[in-house]
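The values are calculated or read from the model by the stated rules, or taken from the named source; none is laboratory data. Owing to the predicted nature of the structure, the values given are computational and were not obtained by experimental measurement. Using ideal geometry, Cβ is built from the backbone for each residue, glycine included, and neighbour counts are taken over all protein chains shown.
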Amino acid sequence: MNIMKMGQQVFMQSVNPIVKEKKSVFSVRNSTCNHRFIFPKKRPGRGLTFLVSFLTYLLGVFPSLIYALPTNGNVQKGSATINQVSDSSLNISQSSEKSIIDWNSFNIAGGEHVNFQVPSSTSVTLNRVTGNDPSSIFGKLTSNGNLMLINRNGILFGNGAEIDVHGLVATTSDISNTDFMNGQYNFNISPEFSNTITNRGMITALEGGLVAFVAPGVKNTGIINA
């Protein structure tokens, strides 16, 4: 299927504009109309006001319930080990070029750090959230390779979030394990997917990397160095 349907928004930024034409990390294919490409200096509408306000409220009232390190990681494809080295630090060591990890939740609180160590800058780790809650990232997320974060419930990079990777794709769409492992980045968008991706933190991609948000609603009020 095409990566976008009518009403989907895509945010993409790369160090070198040529990168967005390469398919080693992420490809966008669309045969429908009325899609929009949103870049950092653009200011989208205010459709996410309620979502952000609600998440901020929950942070103040139930911080221990909302934020914790990613939970119940299960390696589906490839070779990777998950090691929680402390209450606030999680390391993922990947020995294969590609890996797929399903998580029940993927949250990072302020002061927490999740690091992916992969073989090279071309390596990709797909992280899929199978639970029912959106991802809230307020701490550090790092990788010497490329990360994909899939959560159909939405993703929030909050104030204070620090993302330092070679490349990042965050989306509310999904991809089959077979397509991902075969390098066919065809994301499936179910009709009921109506959630959002918000960036209020700092995201840094290395030279040659790409930052892409794909969701029905996208908002960037943070900083993206890519």
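Would a scan of the stretch 206-218 turn up a residue that is under 25 Å from Val75 (Cα atoms), among the aromatic types (Phe, Trp, Tyr) and assigned to a strand (DSSP E or B)? The answer is yes; a qualifying residue exists.
Can you tell me which residue within the stretch 80-129, out of those that are under 14 Å from the mean Cα position of the chain (by Cα) and part of a loop (DSSP other than H, G, I, E, B), is nearest to Gln184 (Cα to Cα)? Applying the filter and picking the extreme gives Phe106.
Ile101 passes every criterion in (1) surrounded by 15 or more Cβ atoms within 10 Å (Cβ to Cβ); (2) touching a Lys or Arg at 6+ places or on another chain (Cβ under 6 Å) apart from (2). Scanning the stretch 191-205 for residues that are modelled with pLDDT of 95 or more and part of a loop (DSSP other than H, G, I, E, B) returns Arg200, Gly201.
Residues are listed down the side, and each one gets a yes or a no for (1) polar (S, T, N, Q); (2) within 27 Å of Ser120 (Cβ to Cβ); (3) at pLDDT 95 or above:
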| position | (1), (2), (3) |
| --- | --- |
| Ala170 | no, yes, yes |
| Met181 | no, yes, yes |
| Gln184 | yes, yes, no |
| Gly209 | no, yes, no |
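Thr122 meets each of the listed conditions (1) within 17 Å of Thr204 (Cα to Cα); (2) polar (S, T, N, Q); (3) buried (at least 24 other Cβ atoms within 10 Å of the Cβ) apart from (3). For the stretch 137-190, filtered to residues that are charged (D, E, K, R) and assigned to a strand (DSSP E or B), the residue that is surrounded by the most Cβ atoms within 10 Å (Cβ to Cβ) is Lys140.
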